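As structure tokens, the structure follows; a few thoughts come after it.
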Amino acid sequence: LVDEPSDVDDDAPDDAYAPSLDQGPEETLVDAATSRARAYATGSALARDLVNAPANVLTPRSMAIAAVELAKEHSTLTVTTKGPVECAALGMGAFLGVAQGASQENEAQFIHLTYKNGVPKTKLCVVGKGLTYDSGGYNLKPSAGGSIELMKFDMGGAAATLGCAATVAALNVPDCEVHFVIAACENMISADAVRPGDVLTASNGKTIEVANTDAEGRLTLADALHYAEGLGVEAIVDLATLTGACVVALGDDYAGLFSTDDALASELLAAAGDAREDVWRMPLPPAYEEDIKSKIADLKNVGSRAGGAITAALFLGHFVDETPHAHIDIAGPVWNNKAASATGFGAKTMAKWVVQRAAATDFGAPF
């Protein structure tokens, strides 16, 4: 090669090639799509990791710590946690009734994570069932067919809730306020545990006969939903690994959607379709309310075997008075039995719903 004298133009790219070094519109679109995909993947991965964690690792306290750590990563997130004393002051007798059998080390934690960015056009709440381990209580789950060894996944709704929060924060969704609420606890057997036949009083004043200690998730959600409605939000959606009956009805791949609000149900079905997560709307016949009436309390926590997913959803409806509410039973798709691993189900659907509500645009837009 022949050395050439230095030229001022050599210090910068040749003008003919300069435009090729700038980012064009196609590259910008690709980068934006990549960032969105990464945000959704991050939320789903967080949900999977939380569900996969053994129950001696992911306790109510460590779940609260996970929420705190998530809030530290994003300036748009703030978090508060409440222990049993603060929950008792709020009258959360249903939640604490489930939690009272656990050790002091694994005592109940009520987690409230808030996302706020800009001037909110919409104000929403996502509630997740957070049973970090469910033995069934005195109505102990059977060792054969009861999946007792897998009951670490009974906090799949809480995991999806935190996964949604991670995605929404990573996307930096503008002009919205979203509350993420989790009543985290264990359902254990001890001298202090709730007994079949006990009567608990929820924070809205309703009394509940505990007909079966293994129908505990709806008790924790009762207080969480009443708390959520007090936040003055426009809509509440809860996700829960609530019933085996929903798995019997829909199999392992579909979640059941229950809501008396057609508009909210349509939004969620559209969001689930965009998220490629299978959700099927289920009926809520008022006649089934008879199954959860108690002779000694306002309600009992379980009905007959038939229609168990429906009566569970109807039970939850007693703790949301005016706010549009939907319940999504994710007991089937939360876990992949063949892979022996969590799926992260629900995190993408809920994040997509938040994004669409915040944008107030037509549903069905790609990620």
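Stretching the chain fully between Val85 and Ala306 yields a gain of 75.8 nm (0.36 nm per residue, less the alpha carbon separation). Determine the shape class of the range 180-305: with a ≥ b ≥ c the square roots of the Cα gyration tensor eigenvalues, call it rounded for a/c under 1.5, and otherwise prolate if a/b is greater than b/c, oblate otherwise. Judged from the Cα gyration tensor, the range 180-305 comes out prolate (a/c at least 1.5, a/b above b/c).
Using mean Cβ contacts within 10 Å as the protection proxy, how do 91-102, 262-273 order, highest first? Numbers along the way, then the final one.
Working: 91-102: 25.4, 262-273: 18.2.
Peptide ranking by packing, descending: 91-102, 262-273.
The alpha carbons of the range 35-173 give a radius of gyration and a Dmax of 16.1, 53 Å, in that order. Diffusion coefficient of the range 130-212 by Stokes-Einstein, Kirkwood radius over Cα pairs, 10 °C, 1.306 mPa s: 103 µm²/s. Note on Lys293: lysines with a C-alpha under 19 Å away, same-chain residues under 8 apart excluded, are Lys206. D by Stokes-Einstein for the chain, Kirkwood Rh over Cα pairs, 25 °C, 0.890 mPa s: 116 µm²/s. Listed by chain and number, the lysines whose C-alpha is less than 17 Å from the C-alpha of Lys352, apart from same-chain residues fewer than 8 away, are Lys116, Lys121, Lys123.
The value for the range 103-173 of Rg(Cα) / (2.2 N^0.38 Å) is 1.48. The magnitude of the dipole of the chain, with charges of +1 and -1 set on the Cβ of Lys/Arg and Asp/Glu and taken from the Cα centre, is near 2200 debye. Looking at the chain, the DSSP beta bridges with both ends there are about 45 percent antiparallel. I need the shape label for the range 76-129. Rule: rounded when a/c is under 1.5, else prolate if a/b > b/c, else oblate, with a, b, c from the alpha carbon gyration tensor. The shape class here is prolate. For a straight C-alpha distance cut-off of 20 angstrom, the lysines reachable from Lys141 (same-chain residues fewer than eight places away being disregarded) are Lys129, Lys152, Lys300. If R0 equals 35 Å, the separation of the Cβ atoms of Ala45 and Glu290 corresponds to a calculated FRET efficiency of about 0.20. Take 180-187, 61-68 and order them by the average number of nearby Cβ atoms within 10 Å per residue, most first; the result is 180-187, 61-68. Cα axis of helix 262-275 to longest principal axis of the chain: angle in degrees, 0 to 90, nearest 10? Between the helix axis and the principal axis of the chain, the angle is about 50 degrees. Global dimensions of the range 272-366 from alpha-carbon coordinates: Rg and Dmax equal 16.7, 51 Å. Packing order of peptides 126-138, 154-166, highest average first: 154-166, 126-138 (average count of other Cβ atoms within 10 Å over each peptide's residues).
In the range 100-198, taking the dipole from charged Cβ atoms about the Cα centre, the farthest positive-side position among Gly128, His179, Ile148 is held by His179.
Extending 7 Å from the Cα toward the beta-carbon at both Glu149 and Asp261 defines two label points whose distance is 4.2 nm.
With Cα atoms defining each centre, the range 321-342 and the range 206-260 are spaced 10 Å apart in the structure.
Inter-label distance, Ser190 to Asn337: 3.3 nm, where each label sits 7 Å from its Cα along the C-beta direction.
Assuming R0 = 22 Å, can you tell me the calculated FRET efficiency for the pair Asp253 and Ala33, based on Cβ-Cβ distance, to the nearest 0.05? Working shown, then result.
Values: r = 27 Å, r/R0 = 1.22.
Plugging the Cβ-Cβ distance into 1/(1 + (r/R0)^6) gives 0.25.
For Trp335, Trp353, the ranking by accessible surface with the largest value first comes to Trp335, Trp353, using a 1.4 Å probe. Rounded to the nearest 10 degrees, the angle from helix 60-73 to the longest Cα principal axis of the chain is 20 degrees. When the surface is traced with a 1.4 Å probe over the full set of protein chains, Arg281 keeps roughly 90 Å² accessible.
The values are calculated or read from the model by the stated rules, or taken from the named source; none is laboratory data. Computed from a predicted structure; not experimentally measured. Note that each Cβ is placed from the backbone with ideal geometry, even for glycine, and that neighbours are counted across all protein chains shown. With ligands, DNA and RNA removed, areas are computed over all heavy atoms of the protein, side chains included. Shrake-Rupley method; radii C 1.70, N 1.55, O 1.52, S 1.80 Å.
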